[in-house]
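Down below is the structure, laid out as structure tokens.
The values are calculated or read from the model by the stated rules, or taken from the named source; none is laboratory data. Treat the numbers as computed from the prediction; the structure is a model and nothing was measured. A quick note on method: Cβ atoms are made from the backbone with ideal geometry, for glycine too, and the neighbour counts reach across all protein chains shown. Protein only, heavy atoms only, side chains kept; ligands, DNA and RNA dropped before computing areas. Shrake-Rupley method; radii C 1.70, N 1.55, O 1.52, S 1.80 Å.
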Amino acid sequence: MTANAKLREEVEDFLIYEAHLLDEGRMNEWLDLFTEDCMYWLPCNTESHDPMVETSLIFDDRKALEDRVWRLSSPVAYSQVPRSRTIHVIGNIRIVSADTSTLVVQSNVVISEVRLNEQHIFSGKGEHQLKRNDNGWKIHTKKVALLNNNLPLRNLTFLI
């Protein structure tokens, strides 16, 4: 196996593991995948390139992401009673840039959410900036541009 194939397999395993944690509702373990200076971003229109100057569906730093996870884990998170059941499918994973400690990885994502006897399908393009530390990969930036992010969306009270 070449070094590039081994790296791609390692990254694919990492993204699949992230999706697994989300689907299992293991939010604190999911949060542990992120760096302390992370960013979690869902742009709100198809042309968003800079969350600092454009409106976003979600634009969280580490503290805001910790708050989001805490609220979703709370028994009084009424927007998630009952909790959404989700399946995240990650595909077309490709490493678009790499150096010794940082990767930019793009993928496609399809999320099926079932809650209150309704099913909703979300799909989009994902981009992760991963940083390597002594324990493996950590997510520095996660961006998911939903295909319908310029249309009215129902309440996104689960994690993408």
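Which one is farthest from the chain's Cα centre (by Cα), of the residues in the stretch 112-144 that are among the aliphatic types (A, V, I, L, M) and open to solvent by less than 30 Å² (accessible area, probe 1.4 Å)?
Filtering the stretch 112-144 for residues that are among the aliphatic types (A, V, I, L, M) and open to solvent by less than 30 Å² (accessible area, probe 1.4 Å), the one farthest from the chain's Cα centre (by Cα) comes out as Leu130.
Please identify the pairs in which a residue from the stretch 145-160 that is in contact (Cβ under 8 Å) with a residue 60 or more places away in the chain has its Cβ atom under 7 Å from the Cβ atom of a residue that is charged (D, E, K, R) and open to solvent by 50 Å² or more (accessible area, probe 1.4 Å), counting only partners at least 6 apart or on another chain.
Ala145/Lys125
Looking at this structure, is Tyr17 touching a residue at least 40 places away in the same chain (Cβ under 8 Å), surrounded by 13 or more Cβ atoms within 10 Å (Cβ to Cβ) and among the hydroxyl-bearing types (Ser, Thr, Tyr)?
Judged against the criteria, Tyr17 is not a match.
I need a count of the residues in the stretch 22-55 that are hydroxyl-bearing (Ser, Thr, Tyr) and buried (at least 17 other Cβ atoms within 10 Å of the Cβ).
2
When you go through Glu54, Glu29 one by one, which is the residue that is more than 12 Å from the chain's Cα centre (by Cα), of a type outside the set (Val, Ile, Thr) and either under 16 Å from Gly126 (Cβ atoms) or not in a helix (DSSP H, G or I) (or both)?
One residue alone meets the criteria, Glu54.
If only one of Phe59, Phe14 is assigned to a strand (DSSP E or B), among the aromatic types (Phe, Trp, Tyr), out of contact with any Ser or Thr (no Cβ under 6 Å at 6 or more places or on another chain) and closer than 17 Å to Ile139 by Cβ, which one is it?
Phe59
Within the stretch 104-119, can one find any residue that is in contact with a Ser or Thr (Cβ under 7 Å, 6 or more places away or on another chain), assigned to a strand (DSSP E or B), of a type outside the set (Lys, Arg) and more than 17 Å from Ile160 (Cβ to Cβ)?
yes
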